[in-house]
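**Student:** Please see the structure below; I have some questions.
Laboratory data are not the source of any read-out in this text; all were calculated from the coordinates shown. The structure displayed is predicted, hence computed values, not measured ones. No Cβ is skipped: glycine too gets one built from the backbone with ideal geometry, and neighbour counts run over all protein chains shown.
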Amino acid sequence: MALTVQPGTELEQQVESGEFVLPSPLQILEEEKYLPENLADFPTYYWGDHGNNITPMRGRLPESRELFLERVEHAMATHPVVEEDVLLTTPW
């Protein structure tokens, strides 16, 4: 799930001061790609469909691995959010 900084937290203060640097949307997508690539031989249920994710996906690995990788690679190449410096997420 993409990191969401909750208002009023220590992490929010660290982001505001520059002590903690949020990842770019492209970095988030690279991480989303890394997971199915490296969990390919580990039977599990991948649940990455939170509303803050750029490419919501869920399904069984390794069966869904290629589909997940295609979705992430497509988003990396075409999604307009990858041009942004920071992914705007919604706190809960």
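**Student:** Per residue, what volume in Å³ does the convex hull of the Cα atoms of the chain enclose?
**Tutor:** Expressed per residue, the convex hull around the Cα atoms of the chain is 99 Å³.
**Student:** For the chain, modelled as a Gaussian network with Cα springs under 10 Å, which listed residue fluctuates most, V21, V81, V72?
**Tutor:** V21
**Student:** When only Cα pairs under 8 Å and 6 or more residues apart are kept, what is the percent relative contact order across the range 47-92?
**Tutor:** Relative contact order for the range 47-92 comes out at 29 percent.
**Student:** Only loop residues by DSSP count here, and only those with at most 14 other Cβ atoms within 10 Å; note down the GluC sites (Glu not before Pro) in the range 16-77 that meet that.
**Tutor:** Filter output for the range 16-77: E19, E63.
**Student:** Please tell me the relative contact order of the chain in percent, rounded to the nearest whole number, where contacts are Cα pairs under 8 Å and at least six residues apart.
**Tutor:** 38
**Student:** Where does the chain land at 222 nm, in deg cm²/dmol rounded to the nearest 500, when only DSSP H runs of n ≥ 4 count, each adding -39500 (n - 2.57), divided by all residues?
**Tutor:** -12000 deg cm²/dmol
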